[in-house]
Amino acid sequence: MKRRVLAAAVVLAMVSGASMPTPAFAQSNEAAEIAQLKQQLAVLQAKVNELEQRSKAQTGETGTRQNIASSPQQQAKPAQPAPYAWASNTRIGGTAFIDFTYLDQTKNGTKTDASGTGLDVKRFYLTVDHAFNDIWSANLTTDFNYSSVDGETQLFVKKAYLQGAFSPLATLRVGSANMAWIPFVEDWYGYRFVENTLVDRVKFGTSADWGVHLLGASGMFNYQASIINGGGYKNPTRSDSVDFEGRVGFQPIKSVMIGVGVYSGDLGKDTHSTPALHDAHRYDAMIAYHGGGLRLGGEYFRATDWNNVLTPATDSADGWSLWSSYDFGPASIFARYDRVNPSKDLDPSLKDTYYNFGVAFPVTEGVRVALAYKNEMLKDNSKTNTRSRELGAWGEVKF
């Protein structure tokens, strides 16, 4: 820019000099014009210097902005990887069983206080799973239910265990975890939110307990073996000996499962001050089909001294359950029938008969609602009977 200004001044001086008429007059005017040009050059030089300073300032500011844009990490806060890593390895979920029904229950012909219309949240499981690495993980599952003793809901732990997944055939769980039989049948039954499976419904088993559990599967074979306290997940206290529950499953094709199981122990009741008089035993069997929208299945159990661990008397029980359902997509229909002999030795005429049927609708992902009817009769030859009839809606919410 300096060169252009100076060149313009020189040209102007030459033109001015060429137009002068006489040498004497030219010398007089030439001095004045040179002085004027010097003054103009000084002004122009000042302006050029000012423009250069502005240009340098703008260039520096642009460079700074470009550096900031290309290196945002220089202004970012320090990374905090630990909490984010913990969250990415942790899953939170839940399952709720909700119903709104009318219940008509009578005992020896007299209506009980359980009768009436109302809404129940019978189960709400909140689950937290955390993986420490590819092998080790932990699970915490809370639950609540209603206690008629104090008339309030109770919050408690159903599952709390440390898991080591060493191979498909060797997964170890230490703590309160799923038992071998009841959750196994629930998976193939498919309508736990409407009713518990057979062994769970008639209180000849529990779905979780405190202990050491080893399970696995490979191809057509699956198994679980559990050494547990025996009192169930609500009662983590110990006794003089531990119980055992095991299961073996055989899956010849993907849609068919055959399973057998066994339980043996004192149910956590054998203590130093109150020793057990008998061991309780239970033997289980199931065959089930689930292909497409069709489910068919049957469960059988036989138990000895389940309710007589601390009594001199001995007793036995058995029962079976058949279920079926078909899913059309927009809805599914289902039905089930149970028949149980709760006390074959002490009260052989006592029979428990149960059935249900209904239709279920998928409301949205993770939500199902079933409209159903249930009927249960517990009766013996002495005219002692309890009958329950229930009609309404049952819901399942999973997330």
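The values are calculated or read from the model by the stated rules, or taken from the named source; none is laboratory data. This one's a predicted model, so the numbers in the text were calculated from it and none came from an experiment. Virtual Cβ from ideal backbone geometry, glycine too; neighbours counted across all protein chains shown.
When you check residue 239 against the structure, is it of a type in the set (Gly, Ala, Ser) and in contact with a helix residue (DSSP H, G or I) (Cβ under 8 Å, 6 or more places away or on another chain), yes or no? Break it down stepwise before answering.
Values: of a type in the set (Gly, Ala, Ser): yes; in contact with a helix residue (DSSP H, G or I) (Cβ under 8 Å, 6 or more places away or on another chain): no.
The answer is no for residue 239.
Where the second residue is acidic (Asp, Glu) and surrounded by 15 or more Cβ atoms within 10 Å (Cβ to Cβ) and the first is assigned by TED's automatic domain parsing to the domain that holds residue 209 and closer than 22 Å to residue 231 by Cβ and lies in the range 158-175, which pairs have Cβ atoms under 8 Å and are six or more apart or on separate chains?
As it stands, the answer is 158/143, since those pairs meet every condition given.
Out of all the residues in the range 193-212, which are within 17 Å of residue 372 (Cα to Cα) and either free of Cβ contacts under 8 Å to residues at least 24 places away in the same chain or aliphatic (A, V, I, L, M) (or both)?
Result: 194, 196.
Looking at 332, 343, which is the one that is in contact with a Ser or Thr (Cβ under 6 Å, 6 or more places away or on another chain) and free of Cβ contacts under 8 Å to residues at least 60 places away in the same chain?
Details: 343 fails: in contact with a Ser or Thr (Cβ under 6 Å, 6 or more places away or on another chain).
Result of the check over 332, 343: 332.
Of the residues in the range 215-251, how many are basic (Lys, Arg), part of a loop (DSSP other than H, G, I, E, B) and closer than 16 Å to residue 200 by Cβ? Give the steps one after another, and end with the answer.
First pass over the range 215-251, keeping only residues basic (Lys, Arg): 234, 238, 247.
Checking which are part of a loop (DSSP other than H, G, I, E, B) leaves us with 234, 238.
Then keep just the ones that are closer than 16 Å to residue 200 by Cβ; that gives 234.
Going through the range 215-251 one residue at a time, the tally reaches 1.
For the range 252-274, give me each residue that is surrounded by fewer than 16 Cβ atoms within 10 Å (Cβ to Cβ) and assigned to a loop (DSSP other than H, G, I, E, B).
Selection gives 252, 253, 254, 255, 271, 272, 273, 274.
Any idea which of 359, 369 is within 30 Å of residue 111 (Cβ to Cβ), assigned by TED's automatic domain parsing to the domain that holds residue 107, out of contact with any Asp or Glu (no Cβ under 6 Å at 6 or more places or on another chain) and surrounded by 15 or more Cβ atoms within 10 Å (Cβ to Cβ)? Let's see the steps before the verdict.
Details: 359 fails: surrounded by 15 or more Cβ atoms within 10 Å (Cβ to Cβ).
Exactly one residue qualifies, and that residue is 369.
Return the only residue of 187, 200 being under 29 Å from residue 362 (Cα atoms) and under 18 Å from the mean Cα position of the chain (by Cα). First the steps, then the outcome.
On the way: 200 fails: under 18 Å from the mean Cα position of the chain (by Cα).
187 is the lone residue from the list that is under 29 Å from residue 362 (Cα atoms) and under 18 Å from the mean Cα position of the chain (by Cα).
Looking at residue 368, is it in contact with a Pro (Cβ under 8 Å, 6 or more places away or on another chain), within 15 Å of residue 192 (Cα to Cα) and modelled with pLDDT of 95 or more? Step through it out loud before you land on a result.
Values: in contact with a Pro (Cβ under 8 Å, 6 or more places away or on another chain): yes; within 15 Å of residue 192 (Cα to Cα): yes; modelled with pLDDT of 95 or more: yes.
In short, yes.
Out of curiosity, is residue 281 in the same structural domain as residue 97 (by TED's automatic domain parsing) and either among the acidic types (Asp, Glu) or surrounded by fewer than 18 Cβ atoms within 10 Å (Cβ to Cβ) (or both)?
Numbers: in the same structural domain as residue 97 (by TED's automatic domain parsing): yes; either among the acidic types (Asp, Glu) or surrounded by fewer than 18 Cβ atoms within 10 Å (Cβ to Cβ) (or both): yes.
Answer is yes for this residue.
Could we say that residue 155 is at pLDDT 95 or above, within 18 Å of residue 235 (Cα to Cα), out of contact with any Cys (no Cβ under 8 Å at 6 or more places or on another chain) and of a type outside the set (Ser, Thr, Tyr) here?
Numbers: at pLDDT 95 or above: no; within 18 Å of residue 235 (Cα to Cα): yes; out of contact with any Cys (no Cβ under 8 Å at 6 or more places or on another chain): yes; of a type outside the set (Ser, Thr, Tyr): yes.
So residue 155 does not fit the description; no.
Here's the yes/no breakdown for (1) within 12 Å of residue 204 (Cα to Cα); (2) touching a residue at least 60 places away in the same chain (Cβ under 8 Å):
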residue: 294; (1), (2): no, no
residue: 297; (1), (2): no, yes
residue: 307; (1), (2): yes, no
residue: 313; (1), (2): no, no
residue: 318; (1), (2): yes, no
residue: 321; (1), (2): no, yes
residue: 324; (1), (2): no, no
residue: 336; (1), (2): no, yes
